[in-house]
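I have placed the structure first, in the form of C-alpha cells, so that the comments after it can refer back to it.
The values are calculated or read from the model by the stated rules, or taken from the named source; none is laboratory data. Here the structure is a predicted model, which is why all the values come from computation and not from measurement. Backbone-built Cβ (ideal geometry, glycine too); neighbour counts: all protein chains shown. Ligands, DNA and RNA are stripped out before the accessible areas are found, and what is left, the full protein with its side chains, is counted by its heavy atoms. Shrake-Rupley method; radii C 1.70, N 1.55, O 1.52, S 1.80 Å.
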Amino acid sequence: MTGPDADIVVPVRMMDAEFGSTTFVVVDVEMRRQPGGLVPAAVAALALSGADFQPLWRVYQEICEEPHSSWKKPRSPRLPHELSEGSAGLALLEMHVTAQPHRIVAALGFIEASLLHTERAACPRLASLTRWDAVELARTVCPGVGGGLEELARHLGVPLHPGPRPATQEAWAVAQVFRHAVERGAAAGRWSSFAELEEIAGTAPKPVEEKYLPPPTVQGSLFD
C-alpha cells in the first residue's frame with residue numbers, strides 16, 4: 001500500500017443509478033506459445049454488481065486452438081458447430097449475459113476484444129459490449145504512476161501474486177484495480193456517473209453482423 005487513501009471504501013450511493021444497475025464482466029485471456037506464435041489458452045470472467053461490487057458469477061474455460069492459429073487475422077467468424085471444444089466454451093460465458101446492462105472490463109483489453117470478435121458467432125452479446133479499460137481508469141486516479149497493472153495495483157493497495165498469473169487470478173486482480181479506481185475517483189470528486197466513466201475508459205466494439213445477434217427485443221436491452 002502506497003497511498004494514504006488506498007483502503008478507501010466509497011458508499012455506492014456516490015455513483016449514479018445507471019452505474020448501480022450495470023453488471024461489469026471482468027475478462028482476461030491467458031496466452032500460450034505455439035509454433036505459429038501466441039494463441040489463447042484460457043479465458044476467465046468474473047462478473048461484479050455495479051451496485052455493491054459483489055461477485056455475481058465466475059467462468060473459466062480452456063481454449064483449444066489449432067497450431068499456427070490465425071486468430072489475430074481478419075476472417076469470417078466460425079459458426080458454433082465449427083468451433084473447437086474449448087472455443088465453443090465461450091458460449092457458456094455468453095449464457096450469463098442477460099437483459100440487464102453489461103460492460104466488459106479488462107486490463108487494456110486488446111486481446112480480449114480480438115478473441116470475442118473473432119468468435120462472435122458463439123458470443124455475439126459479449127462481442128457487442130462496450131469495453132472499459134481498468135488500467136486507464138487507474139491511471140486517471142493515480143497521476144504520475146508509471147507502468148501497467150502491477151504498478152497501479154501496488155499504488156491502490158491491491159495485493160498481487162508475484163510472477164505470471166493464470167487467467168483466474170488476473171481477472172481477480174483486474175476486478176480489484178477497477179473497484180479501487182472507481183472508489184478513489186468518486187471519493188476525490190473526479191466522477192459520480194456511469195457516463196463520466198464511460199467517456200474516460202470506454203471503447204465501442206467492432207460491429208457484429210445482424211445475423212449473429214439476438215432478436216431485436218432482446219438486443220435493445222442488452223446493448224443500450
Practice item. Collect the residues in the stretch 1-59 that are in a helix (DSSP H, G or I), in contact with a Ser or Thr (Cβ under 9 Å, 6 or more places away or on another chain) and modelled with pLDDT of 90 or more, keeping them in residue-number order. Key: Glu18, Phe19, Gly20
Practice item. Output the residues belonging to the stretch 108-141 that are more than 14 Å from Val43 (Cβ to Cβ), of a type in the set (A, V, I, L, M, F, W, C) and touching a residue at least 60 places away in the same chain (Cβ under 8 Å). Key: Ala121, Leu129, Trp132, Ala134, Leu137
Practice item. Give Ala138, Ala171, Ala201, Ala167 a once-over and let me know the one that is in contact with a Lys or Arg (Cβ under 9 Å, 6 or more places away or on another chain), of a type in the set (Gly, Ala, Ser) and closer than 25 Å to Met95 by Cα. Key: Ala171
**Study point:** Matching helices (runs of 4 or more DSSP H) fully within the stretch 115-224 where at least 2 residues are out of contact with any Leu (no Cβ under 9 Å at 6 or more places or on another chain) and at pLDDT 90 or above
**Key:** 149-156, 167-187, 194-201
Point to revise | Every residue from the stretch 157-207 that is touching a helix residue (DSSP H, G or I) at 6+ places or on another chain (Cβ under 6 Å) and of a type in the set (Phe, Trp, Tyr) | key: Phe178, Trp191, Phe194
Check your understanding: Cβ-Cβ below 8 Å, separation at least six or inter-chain, first residue in the stretch 185-202 and farther than 18 Å from Leu108 by Cα, second open to solvent by less than 10 Å² (accessible area, probe 1.4 Å) and aromatic (Phe, Trp, Tyr): which pairs?
Key -> Gly185/Trp191; Ser193/Phe19; Phe194/Phe19
